[in-house]
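Everything on this sheet refers to the single structure shown next.
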Amino acid sequence: MKRILVIGYGNELRTDDGLGPKLACAIEQLALSDVAVLVCHQLTPELADPLSRAEFAVFIDARIGASGGVALQPLVEPERASFSPHASDPAALLAFSRAVYGAAPRSWWLTLPAFNLTYGEGLSPAAQASLQEGLAAFRQLRDRIAAIPQRRSESRARKASVPVQAAP
Amino acid sequence: MERDSNPVASMSKRIVIDPVTRIEGHAKITIQLDDDGNVADAVFHVVEFRGFERFCEGRPMAEMAGITPRICGICPVSHLLASAKAGDAIMAVSIPPAADKLRRLMNLGQIVQSHALSFFHLSAPDFLLGWDTPPEKRNVFGLIAADPDLARAGIRLRQFGQEIIEVLGGKKIHPAWAVPGGVRSPLSEAGRCQIRGRLPEAFKTTRLALDLFKKVLKKHERESKIFGNFSSLFMGLVDPDGGWEHHGGMLRFVDSSGSVIADQLDPQRYDEFIGEAVQSNSYLKSPYYKPLGYPDGMYRVGPLARLNVAEQMGTPEADREFKAFRQLGNGAVTSSFLYHYARLIEILAALERIERYMDDPDMLSEDLRADAGINKLRGVGVSEAPRGTLFHDYHVDRNGLIKKVNLAIATGQNNLAMNRTVAQIARHYLRGSQISESMLNRVEAGIRCYDPCLSCSTHAAGRMPLHVVLLDADGAVLQEATRS
């Protein structure tokens, strides 16, 4: 598993809601040796598996409300975990990952302002510009992560999958 | 707070559960009590609207397989396949056998992933952890804490179903793969190896879940008797031998005694025997069997119905489970609680059929498309979505532009039955003004038996805050409950 997991999510048929997948694809094109990329429509429980194996994660999504530009914030797992398969947020998914697999990566949430959420493919011109800003923000974050000493894999407390047995 | 305008119920109380939790989409349940505090009526209604049937007008028919899956992020495959079949009908083509098998393989993957989600994430917390477990623990996290291996196995089972979809269609959600006339690509050799490799674990998890459910069924005899246990019709597709069918075949109706009352009905002519009533307080339509009228023509669809209309599952292990399952009914199995059991048997049947397809050379065939123009001005595509029979009905002009769309969704067809289920459960548990959390959850759990997807049923999406209020006849608040 590569050190950094990027998860870009959103609906590519709702114009700027496709920012998450599009930025993730742009990162994938960079072919960075320490970065794995997943692109999806929405966050689902199955993402807990690859998340639990990553040392760092970056979630990328569009943000409703066009003000403020590209934003990068560290994610904090909620104290009280909840997760819906239909609509969830990255912090809840991290909590889910820890509950199921005993591990969750240090994570950030990179959000890009959405200017147009009507039905359609492609991005608005303003969103195209924020896509480039988002790419630059990711590169800077990746450089910061690269300076963090790598943890030894055996120090990671991930619960391994065990053979399924009947509950008592 | 509105006072009911019905003169009979003018002095009665109303309990509202809004929204129902752990279902796909959002809904409200209204329970009407009479002066004595007994349940007079119950309605499950949806208050969101999205309008797919209208904004598709004017679009090219060929686009519908790309548009309609966006109705829902949980069951897009079902819409994809039904839409493609509607296109096949408009083109008046028979698609190549390999394309039909590949579409079936994708539908089987969809059944596995959707049923696994329903069982492990949405429903199992109730009957495995106990109805009276505190709500903050009666969820998938509670399940993880109680039995982490089972929880992980359930996640991986759903993941397996999604992997089949992704291997075929290129992505797990909204794959642009089935098209009018066939499919875009075959199964790759690498994909076949991947699926084969995951099958043993999937079988193991499913067998474990079946064993577990049969054990808990003994503890939930009461729920089995009152969670939607009533006479109704059941409808589903069957194959030419009357066997379990998930993607082709003809329609069959049976009654609660298991007697076939209508058989070999052409899905293309569904509107000749299925009517749709509109409720004033909901965007969820109420289909009914026309010969019996509304509302007597109520019927159920989905796993319970499919196992009632079928005479066999067609694969050995599922057939053994099917025989045991049918012993639970007198003719047909009528308890909606047993939808959960039927779902697990369908997962097993799906896995057995997926396993067979892995040895079928047609899976790798490149003969996948039939080409034609617009040859009919109307086409109906029917497929068994995990939740039940799904109809896509398109009318087009000579250029293939959509003039009219009707989508008859699985969950909508269960609407009348869900109303009746809520009323039945409420009659057993609601007394006066004492509302317990576990009682409310039993009413919601009755709805969850049907695994409704309300995003599909109203083609809707959105979130609603939860606020449950019980008022007395004068409008004073007796009790309030909030779920965030």
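The values are calculated or read from the model by the stated rules, or taken from the named source; none is laboratory data. The structure presented is a predicted model; accordingly, all values stated were derived computationally and were not measured. Ideal geometry is used to build each Cβ from the backbone, glycine not excepted, and the neighbour counts take in all protein chains shown. The protein model used for the area step is the full one, side chains on, heavy atoms only, and it has no ligands, DNA or RNA in it. Shrake-Rupley method; radii C 1.70, N 1.55, O 1.52, S 1.80 Å.
Proximity of backbone amide H atoms, modeled 1.01 Å from N, is registered between B:Thr389 and B:Gly302 at under 5 Å, excluding neighbours fewer than 5 places apart on the same chain.
What percentage of all Cα-Cα pairs in region A:107-155 are separated by more than 18 Å? Cα-Cα pairs in region A:107-155 separated by more than 18 Å: 50 percent. Backbone amide hydrogens, once placed in the peptide plane, bring B:Arg14 within less than 5 Å of B:Leu33, B:Leu471, excluding anything fewer than 5 places away on its chain. In order along region B:390-404, the Karplus-derived 3J(HN,Hα) couplings, from 6.51 cos²θ - 1.76 cosθ + 1.60 at θ = phi - 60°, round to 10, 10, 10, 10, 10, 10, 10, 8, 5, 8, x, 8, 5, 9, 7 Hz, and Gly and Pro are given as x.
Mean per-residue shielding of peptide B:199-206 is 1, counting Cβ atoms of other chains within 10 Å of each Cβ. Inter-label distance, B:Ser231 to A:Ser33: 7.5 nm, where each label sits 7 Å from its Cα along the C-beta direction. Of the peptides B:32-43, B:334-345, the ranking by mean beta-carbon count within 10 Å, highest at the top, reads B:334-345, B:32-43.
Taking every DSSP bridge with both residues inside region A:18-127, close to 30 percent are antiparallel. If you wrap region B:163-256 in the convex hull of its Cα atoms and look at it from every side, the mean projected area works out to 9.6 nm². Its residues counted as N, region B:348-440 yields a C-alpha radius of gyration over 2.2 N^0.38 Å of 1.83. Each label was represented as a point 7 Å from its Cα along the Cα-to-Cβ direction; for B:Asn330 and B:Asp296 these points are 2.1 nm apart. Solvent-accessible surface of region A:7-112, averaged per residue with a 1.4 angstrom probe and all protein chains in place: 35 square angstrom.
Stretched out straight at 0.36 nm per residue, the stretch from B:Asp271 to B:Arg378 would grow longer than its current Cα-Cα span by 37.3 nm. Backbone phi angles across region B:205-213, fed through the Karplus curve with coefficients 6.51, -1.76 and 1.60 (θ = phi - 60°), yield HN-Hα couplings of 5, 5, 5, 4, 4, 5, 4, 4, 5 Hz in residue order; Gly and Pro are listed as x. When accessible surface is computed with a 1.4 Å probe, chains A and B are found to bury approximately 2700 Å² between them, both chains counted.
Going down the table (B:Lys137/B:Lys214; B:Lys215/B:Lys285; B:Lys204/B:Lys225; B:Lys225/B:Lys290), which pairs top 32 Å between alpha carbons? Cα-Cα > 32 Å for B:Lys215/B:Lys285; rest within.
Accessible area per residue (1.4 Å probe, heavy atoms of protein chains only) ranks B:Tyr294, B:Tyr429, B:Tyr270 as B:Tyr294, B:Tyr429, B:Tyr270, with the largest value leading.
For region B:270-422, the normalised intensity computed at q = 0.17, 0.18, 0.20, 0.21 Å⁻¹ comes to -1.09, -1.14, -1.22, -1.26 (log10 of I(q)/I(0), Debye sum over alpha carbons, equal scatterers, no solvent). Annotation: peptides B:407-420, B:349-362, A:16-29, ranked by per-residue average of other Cβ atoms within 10 Å with the highest first, follow the order B:407-420, A:16-29, B:349-362.
Ignoring aspartates and glutamates fewer than eight residues from A:Lys22 along the same chain, the ones with Cα atoms less than 16 angstrom from its Cα are A:Glu12, A:Asp61, A:Glu121, A:Glu133. For A:Val70, the accessible surface of its heavy atoms amounts to roughly 40 Å² (probe 1.4 Å, protein chains only, rounded to the nearest 10).
Do you know which residues of region A:21-45 lose at least 50 square angstrom of accessible area in the protein assembly compared with their chain on its own, with a 1.4 angstrom probe? Listed in order, they are A:His41.
Over region B:169-272, with every protein chain in place, what whole percent of the accessible area is carbon and sulfur at 1.4 Å, could you tell me?
So the carbon and sulfur contribution to the accessible surface is 51 percent.
Across peptide A:98-104, the average count of Cβ atoms from other chains found within 10 Å of a residue's Cβ is 3.
For region B:211-336, the share of DSSP beta bridges that are antiparallel, to the nearest 5, is 90%.
Couplings for region A:92-98, taken from phi via the Karplus curve 6.51 cos²θ - 1.76 cosθ + 1.60 with θ = phi - 60°, read 5, 5, 4, 4, 5, 4, 5 Hz in order; Gly and Pro are left as x. Taking all protein chains together and a 1.4 Å probe, the residues B:Leu129, A:Leu93 rank B:Leu129, A:Leu93 from largest to smallest accessible area.
Here the translational diffusion coefficient of region B:292-344 follows from Stokes-Einstein with Rh set to the Kirkwood radius across Cα pairs; for 10 °C and 1.306 mPa s it amounts to 135 µm²/s. In this structure the amide hydrogen of B:Cys453, modeled in the peptide plane, comes within under 5 Å of the amide hydrogens of B:Thr411, none closer than 5 places in sequence on its chain.
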